[in-house]
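Down below is the structure, laid out as structure tokens.
Nothing in this text is a laboratory measurement; each read-out follows from the coordinates by a stated rule. Everything numeric here is computed off the predicted structure, so don't read it as measured data. Note that each Cβ is placed from the backbone with ideal geometry, even for glycine, and that neighbours are counted across all protein chains shown.
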Amino acid sequence: MQIEKYKLEEHNQQFLKEHKRKLDFITADKPNAEAIIQKLVDFQVAIPSWALGTGGTRFGRFSGGGEPRSLEEKIEDVGLLHALNRSSGAVSLHIPWDIPGDAKAVKALAAQFGLRFDAMNSNTFQDQPGQKHTYKYGSLQNVKKDVRRQAIEHNIEVIRYGVELGSESLTVWLSDGSCFPGQLNFRQAFQHTLEGLQEIYAALPADWKMFVEYKAFEPNFYSTTVGDWGQSLLYASKLGPKAYTLVDLGHHLPNANIEQIVALLLMEGKLGGFHFNDSKYGDDDLTVGSIKPYQLFLIFNELVEGMDARGMDHTRDLGWMIDASHNVKDPLEDLLQSVEAILLTYAQALFVDRKRLVAAQQANDTVVAQEVLQNAFRTDVRALVAEARFRAGAALDPIALYRSEKIREHLIKERGAVTVATGL
Ligand code: AFD
Ligand code: MN
Ligand code: MN
């Protein structure tokens with residue numbers, strides 16, 4: 001289904017007066033508001049194809065109905081999101097969950113919705129039907145050469161699909177590791193993994209990037225072969241200039257200082273991609289900003305500062321993606337909330353008074369440094385983000401429009417009440 005243009009305009013008309021009032025309030029004492037609105041219009045966050053269905057718990061799957069049954073329907077769903085907020089202009093695919101039968105047609109369909117293909121994701125954390133060798137004891141790290149070869153070939157195949165779709169990056173997330181002391185020789189596991197990544201790296205087209213995603217735990221619980229940013233950076237440095245570290249917010253040990261990690265990776269020119277989500281305990285995959293909004297702000301603060309220090313383009317030079325999918329919300333509403341949270345936090349980070357912060361740091365004035373950050377964090381920027389959406393031709397209140405248009409009901413009618421999208 002698609003949202004009719006006049007419906008969108010009707011919706012905006014209804015909210016416009018109140019919106020303008022709020023916008024005038026925030027822009028009155030913010031001379032840089034106009035520049036920030038433009039940055040918000042430009043900023044795009046990729047939607048992972050596996051977040052469009054109701055995510056499973058580790059014990060079950062509770063489908064909410066109307067889930068996309070094919071890659072084409074997943075693209076349609078991201079198209080809907082993009083029509084509602086104009087900030088979700090890319091989709092990130094997982095192979096083999098999303099093998100494009102006819103890549104040309106899939107690419108054309110995405111273009112119709114104004115979408116491009118962001119990073120491609122490989123999957124060596126599950127065995128697929130008919131697969132020759134099992135990943136039970138890991139993929140690239142495996143002690144068996146045949147298993148390693150299979151994992152390498154799979155990644156190269158993913159690159160090939162990506163080339164057909166116009167993607168320009170590969171994200172490798174390995175679940176490799178061990179559950180018990182003594183199970184693995186750490187050095188050998190690292191070396192095998194590095195050799196595998198080197199072969200995959202060699203198959204990258206000239207203009208592609210490779211993102212090495214790390215995770216400290218789960219499904220392995222004693223060691224992980226790409227367990228933290230140090231290990232990821234080690235692989236990325238050994239691989240070469242096209243390899244980068246990818247930071248997923250949910251992949252750290254509790255209370256890790258992610259903003260510091262981000263700052264240093266940016267300093268080294270080795271931060272490539274970002275997976276947004278939120279969590280209280282581990283890799284909870286909760287809606288962005290739902291648990292620790294101040295942490296997200298501090299991370300964004302470092303991202304903006306670090307990207308500006310290197311003259312990077314905020315929109316294009318890092319891969320921005322949501323990686324969250326949960327089981328109690330309508331996934332499309334959840335994604336709208338996540339994108340909104342990202343834009344709000346980005347806007348707040350843009351409001352940080354850098355000059356004052358630097359002066360406070362140089363004077364060891366801890367109080368003012370904290371004031372500067374918290375002033376920005378406590379600014380209500382919702383009207384600015386809404387204005388950016390409005391200017392881009394999207395809805396002032398995407399969730400309100402989603403509900404008043406009864407989009408989920410339409411999708412259920414179209415696709416059925418018991419559909420289950422591919423994914424976890
Ligand atoms: C994992 C990682 C990774 C992967 C995804 C699969 O975050 O990005 O692609 O889940 O659903 O935890
Ligand atoms: Mn991730
Ligand atoms: Mn994860």
Checklist entry - Of the chain, which part is the longest with no GluC sites (Glu not before Pro) in a loop (DSSP not H, G, I, E, B) and with at most 14 other C-beta atoms within 10 angstrom? => result 5-267
Item to check | Under Karplus coefficients 6.51, -1.76 and 1.60, residue-wise ³J(HN,Hα) of the range 400-416 in Hz, glycine/proline x | outcome: 4, 5, 4, 6, 5, 7, 6, 5, 4, 4, 4, 5, 5, 4, 6, 10, x
Item to check | Label-to-label distance, nm, for residues given as T57 and K144 (7 Å Cα→Cβ offset) | outcome: 3.4
Item to check | Integer Hz, Karplus 6.51/-1.76/1.60 couplings in order for the range 287-292, x for Gly and Pro | outcome: 3, 3, x, 7, 10, 10
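So which chymotrypsin sites (Phe, Trp or Tyr not before Pro) in the range 1-100 are both in a DSSP loop and have at most 14 other Cβ atoms within 10 Å of their Cβ?
On the way: sites: Y6, F15, F25, F43, W50, F59, F62, W97; in loops: F43, F59, F62, W97.
Here the sparse-neighbourhood loop sites are F59, F62.
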Item to check | DSSP-assigned coil residues among chymotrypsin sites (Phe, Trp or Tyr not before Pro) in the range 227-302, each with at most 15 further Cβ atoms within 10 Å | outcome: Y281
Item to check | Inter-label distance, nm, simple model (7 Å from Cα along the C-beta direction), R403/M1 | outcome: 1.6
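For each pair in K74/K413; K74/K107; K329/K406; K74/K406; K39/K107, compute the distance between the two Cα atoms and list the pairs where it is over 22 Å.
Numbers: K74/K413 16 Å; K74/K107 13 Å; K329/K406 15 Å; K74/K406 18 Å; K39/K107 27 Å.
Distance filter (> 22 Å) returns K39/K107.
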Checklist entry - Using alpha carbons only, what's the Rg to Rh ratio of the chain with Rh from Kirkwood? => result 0.97
Item to check | FRET efficiency, N257 to F221 (Cβ-Cβ, R0 25 Å, nearest 0.05) | outcome: 0.65
Checklist entry - How long is the gain from K355 to A392 if the chain were fully straight, where each residue apart is worth 0.36 nm and the alpha carbon distance is subtracted? => result 10.2 nm
